[in-house]
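Please read the structure below before turning to the comments.
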Amino acid sequence: MMIRTSRSPATLSHLRRTGVFTITLMVGAFGFNACSLINKVKNAVHDIKGNKAIIDSFNSKLQANAVSTFEVTYVTTGSAPATIVYAVHPPKGVAFDDTPTGGSGSTSPVHLVVNQSGEYACTQPSSSGSGSSTQWTCDKLGTASASVQNQIFNFYTPSHWIGFLRDFSLAAGLVGDKVTSSTKTVNGFNLNCVDFVATGVPGTSRICSTAQGILGYVNVSSDSTTFEIKSFSTSPPASLFELPPGAKVTTSQGGTP
C-alpha cells in the first residue's frame, strides 16, 4: 500500500495555522518557565551575594583585628563541659589545656605544649591517696602524632571558622540558607556575630568574635556543644609554653620527632 503524502491547499493552510498556534503556545510556555527560572536564579545569586558579603565582612574583621600574642579562656557546654585555655606566642609558642568540669561524657584533661624544642602532649595522674605519684609525663610528638593533636586546638582558632564560613557561603544561597549579622555580650565582652539558618537543620547557628579578632562565642545548631569566652589577655605568662616542672619526657613513635 502506498501512503500518500500530498496535502490539499486547504489542509496545508489549516496545518500551518494550527502549527503556528501550537508553536506560539510552546514558546509562550517556555518563555514563562524561563522567566520563572531566571527569577529564581537572580534570587539565588542575590542571596549568595548577600550571604557572602556578610560572611566576608565578618571574616575580614576577624583577620584584620587578630592579635598575634594572647591567652584566652573558654567555657564549654554539652554532655562534657570543660574549661579551655588557649595561648599563642609567636613564633613557636602554643599552649592548650582542656580541663573537664563534669558531665556524663567527662574525659581526661588534655595539655599540649608547643615551643622551640618541639610539641608535647602531657598528662598527670590523679592523686589517689598517700604516696600516689602526681608527676607529669610529657610525650614528645612526632610529625604524624602532632598533626592529629593539632586538630584539637584548631577548633578554637579563627582560621578554622573562617574556612567553615567561606565554604558555607558558597552554597547557602542555592539551597535557601539565610545569613544575617548581630551583636552579643558575653561575660562583659561585646561581640560581633554572624548568624545562619541552614535548610533542614532546626535552630540558628552563631559565630561571634571580639574586637581583638578572637573567637568569643560559637554555637552550631546541629551540635549540642557551645563555647564562650570567659577571659582574655595579650600577655600570657612564659610558663604556659614550658613543660610542667619535673615532667618525665618520652618520645612518641608516631612519625618523625
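Of note:
- Annotation note: trypsin sites (Lys or Arg not before Pro) in the range 196-257 located in DSSP loop regions with a Cβ neighbour count of at most 14 within 10 Å are absent.
- Within the shell of other residues whose beta carbon sits under 12 angstrom from the beta carbon of Tyr74, the net charge comes to -3, with Lys and Arg scored +1 and Asp and Glu -1.
- Greater than 31 Å apart at Cα, pairs in Lys52/Lys92; Lys92/Lys248; Lys61/Lys140; Lys52/Lys140; Lys178/Lys230; Lys52/Lys184: Lys52/Lys92; Lys61/Lys140; Lys52/Lys140
FYI, it's all coordinate maths here, none of it is from the lab. Remember, predicted model here, so these are calculated numbers, not experimental data. Methodologically, a virtual Cβ is constructed for each residue, glycine included, from the backbone with ideal geometry; neighbour enumeration extends over all protein chains shown.
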